[in-house]
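Engineer: My structure is below; once you've seen it, I'll send some questions.
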Amino acid sequence: MIIVLFGAPGVGKGTQADILAQKLGIAHLSTGDAFRSAISNRTPVGLQAKEYVDSGKLVPDEIVARIVEEAMATSDFSKGCILDGFPRTRTQADALSALLDHVGRDIERVVNITVDDSTIVRRLLQRGRTDDVEDVIQHRLDVYNQETAPLLDYYAAKGKLVSIDGLGTVEEVNQRILDALRGT
Ligand code: AMP
């Protein structure tokens, strides 16, 4: 089962992906986590990605492809995967689709978690990661709206998209996602 968790920074994708991966017994691939780990380990990909991650810009697609390949080589995706923060551009979506075609798999659902912008900014400021400062947050939201949100139409046209309300407790939101995955 391949599930994409979609939504702006700060909607809770990472938290929900962790819980879902456990409940469903499948892997969790967060490209953001993979980049942060590569940066702290100073790997070649990490060194290339650092300036983009620090400034809230999208890492170029070819570097993203490399981190995804590295993750695929080191984790067990045989039972499926929750994708969190990937794909973020049309090029990445096409690359993912080619990759899945190649192994005879398909995305089951793209779950779009929606939260209003003021709540997002408040949540991210509380989280306090190095890229969670006000000007970088604003830039990440702009990048999301310009480059990533257009993928919503792409996945809706494929009949894959379901949107859920990301406001509420972690458990409430998780239940909504599970209901959406079961199609209720
Ligand atoms: P995240 O943890 O998903 O909020 O990602 C943190 C940062 O990592 C982003 O602001 C980007 O700089 C970079 N990043 C993560 N995933 C991607 C992706 N799929 N494409 C481009 N950049 C990414």
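The values are calculated or read from the model by the stated rules, or taken from the named source; none is laboratory data. Bear in mind that the values here come from a model prediction, so they are computed numbers and not experimental data. Here the Cβ is made from the backbone with ideal geometry for all residues, glycine too, and neighbour counts use every protein chain on show. Quick note on the areas: whole protein, heavy atoms, side chains included, nothing else; ligands and nucleic acids left out. Shrake-Rupley method; radii C 1.70, N 1.55, O 1.52, S 1.80 Å.
Engineer: Classify the stretch 1-131 as rounded, prolate or oblate, taking a ≥ b ≥ c as the square roots of the eigenvalues of its Cα gyration tensor: rounded when a/c is under 1.5, otherwise prolate if a/b is larger than b/c and oblate if not.
Structural biologist: The shape class here is oblate.
Engineer: With the contact rule set at Cα under 8 Å and sequence spacing of 6 or more, what percent relative contact order holds for the stretch 12-86?
Structural biologist: Contact order relative to length: 48 percent.
Engineer: Ignoring ligands, DNA and RNA, what percent of the 1.4 Å accessible area of the stretch 31-73 is carbon and sulfur?
Structural biologist: 52
Engineer: A further question follows. Rounded to the nearest 500 deg cm²/dmol, what is the calculated helix-only ellipticity per residue at 222 nm for the chain, with -39500 (n - 2.57) per DSSP H run of length n ≥ 4?
Structural biologist: -17000 deg cm²/dmol
Engineer: If I compute solvent accessible area with a 1.4 Å probe over the protein chains, what percent of it on the stretch 138-184 is carbon and sulfur?
Structural biologist: 49
Engineer: Oh, and also: Using a ≥ b ≥ c from the Cα gyration tensor of the stretch 109-184 (square roots of the eigenvalues), is it rounded, prolate or oblate, where a/c under 1.5 gives rounded and otherwise the larger of a/b and b/c decides, a/b for prolate?
Structural biologist: Here the stretch 109-184 falls in the oblate category.
Engineer: Now for a separate question. Report the Cα centroid-to-centroid distance between the stretch 18-97 and the stretch 158-179 in angstrom, as an integer.
Structural biologist: 22
Engineer: Can you pull out the trypsin sites (Lys or Arg not before Pro) in the stretch 1-67 whose DSSP state is coil and whose Cβ has at most 16 other Cβ atoms within 10 Å?
Structural biologist: Hits after loop and neighbour filter: R42, K57.
Engineer: Separate question: How about the stretch 116-166: which trypsin sites (Lys or Arg not before Pro) there lie in a loop by DSSP and see at most 14 other Cβ atoms within 10 Å?
Structural biologist: R129, K158
Engineer: Roll a 1.4 Å probe over the protein chains and send me the accessible area per residue for the stretch 1-138 in Å².
Structural biologist: 50
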